[in-house]
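Working notes, beginning with the structure itself.
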Amino acid sequence: MVNYTIYSITAMVLFGVAAFLRKIGMKEGNQAVMFTVVEGIFLTLTSGLLFLIMKGQQMPDFKIPVVTGVLSAVGLVLFFTALSSGPLSIVAAIVNSNTLIAVLAGILVLNESLTLVKGLGIGFAIIGILLMSL
């Protein structure tokens, strides 16, 4: 198995567990914004620790990370807000369909190939999201 596949599967599992724990946190009455702030603090600390461990990594240009950080923070607040009132199975399915946006952007902006299999995958994902939200 290719390294990126192992990393991707591991990330999928970690994000899935994190989504479940967020729902538990919302049931305990935590506010979406404060939950995002606390999670952001620990994300920053963990990222900093990983940066120190992975010496020799080049510092990125800060424009794109700042924009993605803002987009992610707003997305997380909206995700937590949705979790506070909606079922995890539906909210997680809809929110995690963000992969479709990344795949389409890869095809349209980065000129990645759109194969029949990818096209079918996109179609099935959309059908799956619609079915999960019923």
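Being surrounded by 10 or more Cβ atoms within 10 Å (Cβ to Cβ), over 29 Å from L130 (Cβ atoms) and not acidic (D, E) holds for only one residue in V95, V66, and it is V66.
Among the residues of the stretch 97-134, write down those that are part of a helix (DSSP H, G or I) and among the hydroxyl-bearing types (S, T, Y). Walk me through it before giving the result.
Going through the stretch 97-134, the residues part of a helix (DSSP H, G or I) turn out to be 98-108, 116-132.
T99, the sole residue that qualifies.
Condition check ((1) touching a Cys at 6+ places or on another chain (Cβ under 9 Å); (2) touching a residue at least 12 places away in the same chain (Cβ under 8 Å); (3) within 19 Å of I94 (Cβ to Cβ); (4) not charged (D, E, K, R)) across all residues:
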position: V17; (1), (2), (3), (4): no, no, yes, yes
position: L50; (1), (2), (3), (4): no, no, no, yes
position: F62; (1), (2), (3), (4): no, no, no, yes
position: T81; (1), (2), (3), (4): no, yes, yes, yes
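Apart from one condition, F79 fits all of (1) over 27 Å from S133 (Cα atoms); (2) surrounded by 13 or more Cβ atoms within 10 Å (Cβ to Cβ); (3) of a type in the set (F, W, Y); the exception is (1). Only one entry in F79, F51 is in a helix (DSSP H, G or I), in contact with a helix residue (DSSP H, G or I) (Cβ under 6 Å, 6 or more places away or on another chain) and either modelled with pLDDT under 85 or closer than 19 Å to M12 by Cα (or both), namely F79. The set of residues in the stretch 25-48 that are under 20 Å from A93 (Cα atoms) and either in contact with a Phe, Trp or Tyr (Cβ under 7 Å, 6 or more places away or on another chain) or surrounded by 12 or more Cβ atoms within 10 Å (Cβ to Cβ) (or both) comprises G25, M26, A32, T36.
Hey, could you check the stretch 103-114 for residues that are out of contact with any helix residue (DSSP H, G or I) (no Cβ under 8 Å at 6 or more places or on another chain) and surrounded by 10 or more Cβ atoms within 10 Å (Cβ to Cβ) and say which is farthest from F15 (Cα to Cα)?
Result: L108.
The values are calculated or read from the model by the stated rules, or taken from the named source; none is laboratory data. Bear in mind that the values here come from a model prediction, so they are computed numbers and not experimental data. Don't worry about glycine lacking a Cβ; one is built from the backbone with ideal geometry, like all the others, and counts go over all protein chains shown.
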